Amino acid sequence: MNKEQILTKRNFKEISDKVDKAYDNFILENVNDHCLRIAVFQGEYKWHYHNNTEELFVVLEGELKIEIKDSETVFLRNGDFIKIPAKTIHRTSAAVRTVNLCFEKTVEDTIFID
């Protein structure tokens, strides 16, 4: 690999501004066995948990609501972050367009709750 492939500067806002769907969630970069994902969405995601993966959510824009089963609901705004432990049943939603980052293992182990 040459230096240009290794050292590529990117910008979260420029990337999220190009998203024109109500929901888009994709990997920005892989780091060892983890990845950095960006989610741009408005609406509600399904109840789920990750058997072997913790998630770290960081909000860049908007307000992310994270409902945690049998616990409190958390609201994250610009600059806020929270770690969701493995096996924690939760769902995310956003009343307005929201951009968040998520650090997690690259191998997905999402289990949806009906």
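The values are calculated or read from the model by the stated rules, or taken from the named source; none is laboratory data. Worth saying up front: this structure is predicted, and the values here are computed from it rather than measured. Cβ atoms come from the backbone with ideal geometry, glycine included; neighbour counts cover every protein chain shown. Surface accessibility is based on the protein's heavy atoms, side chains included, excluding ligands, DNA and RNA. Shrake-Rupley method; radii C 1.70, N 1.55, O 1.52, S 1.80 Å.
From the phi angles alone, apply the Karplus equation (6.51, -1.76, 1.60; θ = phi - 60°) to the stretch 99-113 and give each ³J(HN,Hα) in whole Hz, x where the residue is Gly or Pro.
So the J values, rounded to whole Hz, are 10, 9, 9, 9, 9, 7, 5, 5, 6, 7, 9, 6, 10, 8, 9.
Just to be sure I understand: with springs between alpha-carbon atoms less than 10 Å apart, which residue in HIS48, HIS34, HIS90 has the highest mean-square fluctuation in the Gaussian network model of the chain?
In the Gaussian network model the winner is HIS34.
Whose amide H sits under 5 Å from the amide H of ASP80, counting only residues 5 or more places off or on another chain, with H placed in the peptide plane?
Those lying under 5 Å, H to H, from ASP80 are VAL59.
Classify the stretch 7-48 as rounded, prolate or oblate, taking a ≥ b ≥ c as the square roots of the eigenvalues of its Cα gyration tensor: rounded when a/c is under 1.5, otherwise prolate if a/b is larger than b/c and oblate if not.
oblate
Which far-off residues, 5 or more places away or on another chain, put their amide H under 5 Å from the one on GLU54, with H placed in the peptide plane?
ALA86, LYS105
Please report, for the Cα atoms of the chain, the Rg to one decimal and the Dmax as a whole number; what are they, in angstrom?
14.6, 50
How big is the Cα convex hull of the stretch 71-110 in projection, averaged over all directions, in nm²?
Reported value for the Cα convex hull: 3.6 nm².
Greater than 25 Å separation of Cα atoms is the criterion. Which listed pairs, LYS18/LYS65; LYS21/LYS46; LYS13/LYS69, meet it? Write out the running numbers ahead of the final one.
On the way: LYS18/LYS65 23 Å; LYS21/LYS46 18 Å; LYS13/LYS69 31 Å.
Table pairs above 25 Å Cα-Cα are LYS13/LYS69.
Ranked from the most accessible area to the least, with a 1.4 Å probe and all protein chains present, what is the order of ILE82, ILE27?
Correct descending sequence by accessible area is ILE27, ILE82.
Name the residues of the stretch 62-86 whose amide N is less than 12 Å from a point 7 angstrom out from the Cα of GLN42 along the C-beta direction?
62-63
Percent relative contact order of the stretch 10-96, based on C-alpha pairs within less than 8 angstrom and at least six residues apart?
Dividing the mean separation by the residue count of the stretch 10-96 yields 29 percent.
Out of the trypsin sites (Lys or Arg not before Pro) in the stretch 53-114, which ones are loop residues according to DSSP with at most 14 other C-beta atoms within 10 Å? Please report the intermediate quantities before stating the final value.
Numbers: sites: LYS65, LYS69, ARG77, LYS83, LYS87, ARG91, ARG97, LYS105; in loops: LYS69, LYS87.
Those satisfying the criteria are LYS69, LYS87.
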